[in-house]
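Since every read-out is calculated from the coordinates, none of them should be taken as a lab result. Remember, predicted model here, so these are calculated numbers, not experimental data. Note: ideal-geometry Cβ built from the backbone for every residue, glycine included; neighbour counts use all protein chains shown.
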Amino acid sequence: MTYIAVIGHGVVGSGVVDVLDQNREGIAHRAKEEIAVKYILDLRDFNNLPYAKKFIKDFSVIENDPEVSIVVECIGGINPAFDYIRRSLLAGKSVVTSNKELVAEKGQELLQLAKERNLNFLFEASVGGGIPIIRPLSQCMAANEVLEIAGILNGTTNFILTKMIKDNMSFDDALKLAQELGDAERDPSSDVDGHDACRKICILASLAFERHVYPNQVHTEGIRNITLQDVAYANAWGGSIKLLGTVKKCADNRLDMCVAPMLVSYDNQLSRVDDVFNAILCRGNATGDVIFYGRGAGKLPTASAVVADVIDCVKHVNARKYLYWGTGDNWLVRDPDLQQTALYIRLSGRSAYELRAAVDMAYGKDLMINADGSENEAAFITPVMGMSDHNRILDSLREKGITVENALRVFGDQ
Ligand code: HSE
């Protein structure tokens, strides 16, 4: 029998207890041992639950119980999660977490500690919820040099954008609907401002390129400024707007990284990933493109990934799984001004004629997207150029009294 402790009885933590209970026999068969929850740590009371007796409020009970060999952390955030995980590892217990913020900020320290103690620190559920991605990337693609990863990594923003694209809802109405359905938090900023997707692409980049990438190294934009006009122009161009997290290895071994809403051509499968679904495209030098698709959030999908990690810990008690990356470095992520991309740009000014003339002059050709925009508005797709060149041209348009309403990257091979 293996005894585990679950920290946090929110959506994911309670899902972990449910999955372990519902699939007990199959899990015991696959782990070659029964797995029992000995403690659940939560500050709230859950007296009505059949397993109410397992609840405790003091972490040191778990820390000091040698019978508990695996700690599952599902509280989220950095503190006190970091302290609990560190103390668990120091006490000789393997740790499984779904906490993307913690792994993105502290993953290297905790992996190092786990390595020194010959323990496991696993976090399959931290990216893509129920989608297998950490294990496939670190094991199944281990024979590859990973060249690029691009993902729709946040279900809330994908739901909002889908409602804008398919049902012509404004951003505000789509966000309100997501909140009513429980798909968005009351404070939605970490989702809609791109921070959640940023943490996830940092974890994937750290894993693929074996050095810790921190969220504050990655240029991050959210979706608050996407309008129905942008959605319509994207459609007229032949694609949809998706919030993507991207990382690409450059020739000098540094990384180009970005989280931003981008135009994705209908030819690319990512353009058709809708609602709360996530999808992650990994390009390996041997595999070519591989896409992972599924439910990126939710109680049971996320719990499924957590419990799979618990089973792996049980099976690897004396033979640590290899999951590791080295320390980070300031030079690792390139200045975003150096990134090469095409941009979608929407302008407004005195007349469509003035806008067309200004764009023709700036780029030397007619690039307009024809859509039913208003008289004094225009949108176009630029050639692929460095971001610093784009910014120079945008400044020159502003100097002519033209308003740059929006400028979004176009996702593709650059
Ligand atoms: N807020 C996240 C999302 C939950 O919307 O994708 C899963 O990490």
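Numbers for the structure displayed
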| read-out | value |
| --- | --- |
| Span per principal axis, largest first, for the Cα atoms of segment 135-295 (Å) | 45, 32, 27 |
| Computed P(r) (all Cα pairs; segment 338-410; 10 Å bins; percent) | 21, 60, 18, 1 |
| Cα centroid separation - segment 349-369 against segment 271-296, whole Å | 36 |
| Ranked list, fewest to most other Cβ atoms within 10 Å of each Cβ, for PHE209, PHE292 | PHE292, PHE209 |
| Over the chain: helical MRE at 222 nm, DSSP H runs n ≥ 4 each giving -39500 (n - 2.57), nearest 500 | -10500 deg cm²/dmol |
| Those lysines that a straight Cα-Cα span of less than 16 Å connects to LYS248, excepting residues fewer than 8 apart in one chain | LYS200 |
| Overall dimensions of the chain by Cα: Rg and Dmax, Å | 23.4, 76 |
| Choice from ASP173, ASP183, ASP312 with maximal GNM fluctuation in the chain (Cα, 10 Å cutoff) | ASP173 |
| Cα-based equivalent ellipsoid, segment 129-194: semi-axes from gyration tensor eigenvalues, Å | 31, 13, 10 |
| DSSP-assigned coil residues among GluC sites (Glu not before Pro) in segment 341-407, each with at most 14 further Cβ atoms within 10 Å | GLU375 |
| Sequence of TRP331, TRP325 once ranked by neighbouring C-beta atoms within 10 Å, starting from the fewest | TRP331, TRP325 |
| Cβ-based exposure ranking for ILE226, ILE291, ILE35, in which fewest neighbours within 10 Å come first | ILE291, ILE35, ILE226 |
| Listed pairs LYS242/LYS299; LYS100/LYS242; LYS100/LYS176; LYS106/LYS242; LYS106/LYS163 exceeding 31 Å between Cα atoms | LYS106/LYS163 |
| Diffusion coefficient, µm² s⁻¹, Stokes-Einstein with Kirkwood Rh over alpha-carbon pairs of segment 53-155 at 25 °C and 0.890 mPa s | 165 |
| Gaussian network model of the chain, Cα within-10 Å springs - most flexible of GLN112, GLN229, GLN139 | GLN139 |
| Size descriptor, Kirkwood hydrodynamic radius, that averages inverse alpha-carbon separations across segment 1-125, Å | 14.7 |
| Kirkwood hydrodynamic radius over Cα pairs of segment 204-251, then Stokes diffusion coefficient at 10 °C and 1.306 mPa s, in µm²/s | 119 |
| Under the span-like rule (Cα at least 20 Å along the axis, Kyte-Doolittle mean at least -0.5), DSSP H helices of the chain | 195-209, 299-315 |
| Over segment 338-410, relative contact order from alpha-carbon pairs under 8 Å, at least 6 apart, % | 51 |
